[in-house]
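Enquirer: Below is the structure I would like to discuss, written out as structure tokens.
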Amino acid sequence: MSATADKPTLPPEASYAGMIGRVADPVLERRPGRRWWIGFGATLLLTLGFAVCLAWLFIEGVGIWGINTPVVWGFAIANFVWWLGIGHAGTLISALLLITRQNWRASINRFAEAMTLFAATIAGLFPIMHLGRPYRFYWLVPYPNTMEVWPQWRSALVWDFAAISTYIIFSILFWYWGLIPDLATMRDRARGRIARYAYGAFSLGWRGSARHWQRHDALYRAMAGLAVPLVVSVHSVVGMDFAASLMPGWQETIFPPYFVVGAMFSGFAMVVTLAVLVRRGLGLQAVITERHFDGMGKIVLAGSVAMGISYLTEWFTTWYGGDRIEYEHLAYLFTGDYAPLYYVMLFCNVLVPQILWLGRMRRNIAVAFVVSIVINIGMWLERILIIWNTLSHTHLPSMRHVFYPTFWDWATLGCSIGLFAFLFFCFVRLVPSVAMHDLNKRLHQEKEARG
Amino acid sequence: MSEGRVLLAEFRDPETLLDAARRARDAGWQGLDAHVPFAIEGLTEALGLGPTRIRLAMLIGGVLSGAFVYWLQWYSAVLDYPVNSGGRPLNSWPVFLIPTFEATVLGATLTGIVAFLISTGLPRLHHPAFAAQGFDRASQDRFFLAVADPEVDAVRLAAALDGLGPLSIREVG
Amino acid sequence: MAWHAHAPIGEENARRGAALAFGRALDLLPRFDRAEVVLCLDADPLGPGPDQIRNGRAFAAQRQARAGAARFLRLYVLEPVMSLTGANADHHRPVHPGEFRDIAAWLAAELGAPLPRPDLPEERVRFLRAVAADLLAHRGTALVLAGEALAPELHALAHWMNARLAAPAEAIAPVWPPEQGGPASLADLVAAMRTGQADTLLILGANPAYDAPADLGFAEALRQVPFALHHGLHPDETAALCAWHLPAPHPLEDWGDLRSRDGTAAIIQPLIRPLYATRSSAALLGLLVGQLDLAGHDAVRETWRASRAPAEFETWWRRTVHDGVVPDSATPRLDPPEPRLPELPPATPSGGLALVLRPDASAWDGSFANNAWLQECPRPLTRQVWGNAALMGPEEAARRGLRQGDLVRLEAGGRSIEAPVLPQEGIAPGVVVLSLGYGRERAGAIGSGLGANAYALRRTDALWTVADAGLAKLGRRAPPVLAQEHQKLEGEARELLPLVPLGEALHDAGTSPAHELDPPGFYPDFPYEGYAWAMVIDTSLCIGCNACVLACQSENNIPVVGPEEVERGRDMHWLRIDTYVQEAGGEMRPGFQPVPCMHCEKAPCEPVCPVAASVHDHEGLNVQVYNRCIGTRFCQSNCPYKVRRFNFFGYADGQEYRNQGAPVIAAQRNPEVTVRARGVMEKCTYCVQRISAARRTAEKEKRSIAEGEVVTACQAACPTQAIRFGDLNKPGSEPSRLRREPHHYALLGHLGTRPRTTYLKRVRNPNPALEEGGG
């Protein structure tokens, strides 16, 4: 990675104005093409579908899903963990790479952060949808009330609530604060009156003053410093939803770090997917280059190896621990009702990404795209299998029951992906998909380096 | 923020701006600022701006938020509404630290945001500098030095910047 | 006018057997409480039926594994399909129905009867020899019971053996039918209907169009009757063929009287004014004899007035109605004559496929088919709900290439039905079993269209066993709905329900870590200064009858969810009877484990609840605050016992199954217990409303709640008193005493949950002669 940091990632002939033009023009100057309209329309339909799923859920109750007496958690929790995992990479890219001065991040951090924002928000919907009485979700908030009761602080769900709401608020602010200088740029480039006013208002009157930049930089870097432990804490807490329990296959100390790694892994995979699409859709080949894919490929590969090690550790400690129920759980993973899915998951998460050891493959954008999709399928399977394998195969054999998804399970998952894509289609038409000020800062550094 | 007359000198690249800023600083002028499209290393020092205390504010805000949330948990679980929850101790401090941590981060962030807004005076949608011809490129590819010293006029500024080739020198406000 | 009676589940074989042995009709009531060795030949004294409670209670009295004083009878069962009695046996052998003649003869010969010993396989001989030796060694306390499905001659042979063993059984004249002037048979009626002799037919409380043996052709004959009237609770299959249906009141809505098995009489007083405009059968019969306004109340009083002095009648009546039982009304015990040794029946072929028909544990003969509670109550052993299935041994199924859920066509006597296959342990090879009471077309909203109608294959000459049945795989599937899919315990998992021999159980060998009640932990102790409620369940005594499950359901307003929901793995029973099969002494032995909430002191469900809906009270109850619950279901996902139940839909409140939301059904709910809404978790409360009622009474009287004052619904219903509830802070309370038994254990105790509900291991009393030789 450090090699990538030093190596120039931007074309040598690039100019500041050129870079800005490349990023801003697709939003301000070019009309949305046919492909955009098709995508926008299709995802709008899926978004409406999501609304239908929600409405039906609230009318009928959570019984419309496949959850049952022993497997009381199902798609909603898996989707939540999956989306939240995806929602980790954006902040990590921005924050971790900022702190470690991986300035090539400039090309990808904006849409990665937007991805985080959308994914974390969608993730945040699922635990509420999951509730038997969703209209009471605010009882998790500590506020003086006539019932004179408080949240039960020992519950991992309260930690979740604290962590996710903090994370969503933080992500919005972090994304927005990074966006303010670019909004000013947009304000200054926009020709329409409405656009000028809107960008102007949202840029808060930013005028690029040295004082603005100084404070912006101080705040932004401090936030980045906070972001790293925050991101780690958020998925650790999600891991603790499972680990702070008594159930075989959940009660494992490896869960918090394993969840964080998994989140990074799936998040980076989603960044790659989106990078391919944004690059192609907006014609940003000069901004997002093969070098970026090379860098992200290395991170994804590292994530895959870490996942493999996590699985191995899980198997080993179970075998070595010798507890009956844990051992039965391990056997169930490999031979039980969901074993085929477990093998698919291992294939997706551990085997397929190994192709990224080859630099040629890392820089091949088609390969990157396919691998990233495969990984996200694998990571979704991992999340649902964590729930299914444990809850379908609990301590007492009498209460073992397989989960069968219903139409509404699939519809809600599918439509949530549609909603995510819809938000992204809106995003690419409204704000610059790449952080222009960071990009030009990077360009400045590269120019300096070249002398 | 000086509301008076401001001189703006426009440059094509950051290096020249830095040079200009150093000259202005060395000349002992007051009210120096710059308007640039991206963060430039060394610009703060070149202009002689003082350090910012945003991070100190964030630290204080974070610590206070965290302490409050720990206290809230302790108060509600031990004093106000103690219940036997699975036989766990009333003051289950190891797990109380988790919301405490989240509150610390959130508190620090929000304090930082507020401190930023206070110290920059934003949001402020109107400013004399916007009136300057070509100022819209300050957010794109031009680099402006701003001098708001009543003793400095355009001629003095032009003289001071001799050899740096400013694209323009304007007066706004 | 002629009177005919029909009961699909009767006792003709037993009666005729008694007549063969004693020359007159006699009922022999076994006295388990005085027995030490019992052999059942296809008899099911612990199974569903009128004797279950009496026999269960007496059986339990003789199955007390207590360190202080153990009394533990030994039970041998030979039967074609495992019954509840077979499930509770110490030695069980699945036997083809055709084999019983030879087995009974062999045993009688071994006990000294002048009969030729039939040839039996060596393994069977070894088993029977050990059983006979055991019986003979316990003369005076040994008992042989024959089941209704056996031929009358074999019943007579059992009587002979019992006389030989001086068995603890009491003979009485049958309570029903009367020895003289009883009703004629259904077959005679059908004949009369066919010939047109019967031109007016009144059917009172019977449903022969559904439950008569198919070869009688009752339904066709009924169509030829010019005027037929049906009087019954529901418009059923018979009512549909009659010109008139008259609605009858439910027995709990009207006055009546009845006799129990031993003749003891009881007066029924109504619990509620009739809900609908109904007329009792007394009123209908009154019309027939010219009494135009005969009410049930008057009819019952007149009946009992007859034998009493007019002066004392009112007093007697009031006391009897108050007590519920007519004092000293039991039929006098008789001293039966020496039984005669019967002629052996002709040998029945033991080859071919035998279709064994049995009453259903829920639907019985079909008359309870419309009862939603019963339909959703998992049948003992199979754990099937909402239907019946063709049961067969796993080997038999494998041999025929059948998997669970495969539809098969069963044929006998030219008629056929379709049923799904359900392999089940404890069924003899060459036997397929079907329960009666299903395939009803007009049972009502709940019972219609469930399962396969076994009556279609039943014949007057083959009521219980249809020899040479045909079975064909259809290639379609209709998996039965099971409340519990996995029953086998292997390896270390056997620690969940340990099955231990008597000697080992009472020998204190220390607690295994898996059963530890109080493993070391980090958490502080919470003091319980007032009461500390606890429950101990003796799994040796649990005969698996399900009475507790339904008692809990009725006490706690537990909704019925319907077959589709159960199939999805959702059910609402707060108390379930986990049934496990495990290897013991060379055979697969079942065991029953009632699982209510464990009320763990370190409850895993509580700290995970984000809104403190699941909390502990100061008496150790794990309580669920319904109106605080938001339905995260974290509690259930973290409950190792999985005893919590979630309202995925508004099962009790707005989204009920079929007719379960009808006002008349809502009216049956217990007003002391909240009806739960959609999206809320619920679970066993130890009947907190009963604790609370006892506390109020005690506080009013300024005393503490006495031992035995709080009886949970499940405990009250248990015929064997396997469930004991009380205060752990009283050293002499039942749970305190049972917790000191050496075979006491905590389910999943090693998790550190410190359950308040604990168990006694399931004790068996094997015959050493069989255990070592492998039988």
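Computed from the coordinates by the stated procedures, all read-outs in this text should not be read as laboratory data. Note that the structure is predicted; figures quoted are calculated from it, not measured. Cβ coordinates were reconstructed from backbone atoms using ideal geometry, including for glycine residues, and neighbour counts include every protein chain displayed.
Enquirer: Work out the mean other chain Cβ neighbour count within 10 Å for the residues of C:599-607 and drop it here as an integer.
Expert: 5
Enquirer: Hey, another quick one. Tell me the trypsin sites (Lys or Arg not before Pro) within the stretch A:1-104 that lie in a loop according to DSSP and have at most 15 other beta-carbon atoms within 10 Å.
Expert: A:30, A:101
Enquirer: Then there's this: Report Rg/Rh for the stretch A:108-154, rounded to two decimals, where Rg is the Cα radius of gyration and Rh the Kirkwood radius.
Expert: 1.18
Enquirer: When DSSP beta bridges are limited to those with both residues in the stretch C:12-172, what percentage is antiparallel, rounded to the nearest 5?
Expert: 30 percent
Enquirer: Moving on. Cα to Cα, under 20 Å, and not fewer than 8 places away if on the same chain: which lysines meet these conditions relative to residue C:683?
Expert: C:602, C:642
Enquirer: What is the mean number of Cβ atoms from other protein chains located within 10 Å of the Cβ atom of each residue in peptide A:137-144, rounded to a whole number?
Expert: Mean number of neighbouring Cβ atoms from other chains: 3.
Enquirer: Filter the chymotrypsin sites (Phe, Trp or Tyr not before Pro) in the stretch C:195-262 down to the DSSP loop ones having no more than 14 other Cβ atoms within 10 Å, then list what survives.
Expert: Taking the stretch C:195-262 and a limit of 14 other Cβ atoms within 10 Å, no loop chymotrypsin sites (Phe, Trp or Tyr not before Pro) are found.
Enquirer: Then there is this: Just want the answer: with Cβ charges of +1 for Lys and Arg and -1 for Asp and Glu, which residue in C:270, C:648, C:387 is farthest toward the dipole's positive end in chain C?
Expert: So the residue we want is C:648.
Enquirer: To the nearest 20 debye, what charge dipole does the stretch C:429-491 have about its Cα centre, counting +1 at the Cβ of each Lys and Arg and -1 at the Cβ of each Asp and Glu?
Expert: 220 debye
Enquirer: Follow-up. From the residues C:770, C:320, C:694, which one has its Cα farthest along the dipole of the protein assembly as shown in the positive direction, the dipole being from +1 and -1 charges on Cβ of Lys/Arg and Asp/Glu about the Cα centre?
Expert: C:694
Enquirer: Now, a different point. So for each of C:699-707, C:443-451, C:535-543, A:9-17 I average, over its residues, the number of other beta carbons within 10 Å; can you give me the resulting order with the highest mean first?
Expert: Going from most to least packed, we get C:535-543, C:443-451, A:9-17, C:699-707.
Enquirer: Okay, next question. What does the structure give for C:484-492 when I average, per residue, the other chain Cβ atoms found within 10 Å of the residue Cβ?
Expert: 4
Enquirer: Still on this model: Over all distinct alpha-carbon pairs, what is the Kirkwood Rh of the stretch C:1-142 in angstrom?
Expert: By the Kirkwood definition, the hydrodynamic radius is 16.8 Å.
Enquirer: Throw me the Rg/Rh for chain C, computed over C-alpha atoms with Kirkwood Rh, two decimals.
Expert: 0.96
Enquirer: Counting other Cβ atoms within 10 Å, which GluC sites (Glu not before Pro) in the stretch C:154-226 have at most 14 and lie in a DSSP loop?
Expert: C:179
Enquirer: So for each of A:87-97, A:420-430 I average, over its residues, the number of other beta carbons within 10 Å; can you give me the resulting order with the highest mean first?
Expert: With the highest mean Cβ count within 10 Å placed first, the list reads A:87-97, A:420-430.
Enquirer: Then there is this: Give me the net charge of residue C:658's neighbourhood, meaning all other residues with Cβ under 13 Å from the Cβ of residue C:658; Lys, Arg count +1, Asp, Glu -1.
Expert: Net charge in that neighbourhood comes out at -4.
Enquirer: Right, something else. Kirkwood Rh over alpha-carbon pairs of the stretch C:280-389, then Stokes-Einstein at 25 °C and 0.890 mPa s: what D in µm² s⁻¹, rounded to an integer?
Expert: 121 µm²/s
Enquirer: I'd like the distance between the alpha-carbon centres of the stretch C:688-725 and the stretch B:90-133, rounded to an integer number of Å.
Expert: What the calculation gives is 59 Å, centre to centre.
Enquirer: Ranked from highest to lowest mean number of other Cβ atoms within 10 Å per residue, what is the order of the peptides C:330-340, C:307-317?
Expert: Descending packing order for the listed peptides: C:330-340, C:307-317.
Enquirer: Could you point to the residue in B:96, B:20, B:108 farthest towards the positive end of chain B's charge dipole, with +1 and -1 charges on the Cβ of Lys/Arg and Asp/Glu respectively?
Expert: Positive-end residue among those listed: B:96.
Enquirer: Could you size up the charge dipole of the protein assembly as shown around its Cα centre, putting +1 on the beta carbon of Lys and Arg and -1 on that of Asp and Glu, and report it in debye to the nearest 20?
Expert: Dipole size: approximately 4000 debye.
Enquirer: Would you work out the charge dipole size for the stretch C:136-255 about its Cα centre, treating the Cβ of every Lys and Arg as +1 and the Cβ of every Asp and Glu as -1, and quote it to the nearest 20 debye?
Expert: Around 380 debye, computed over the stretch C:136-255.
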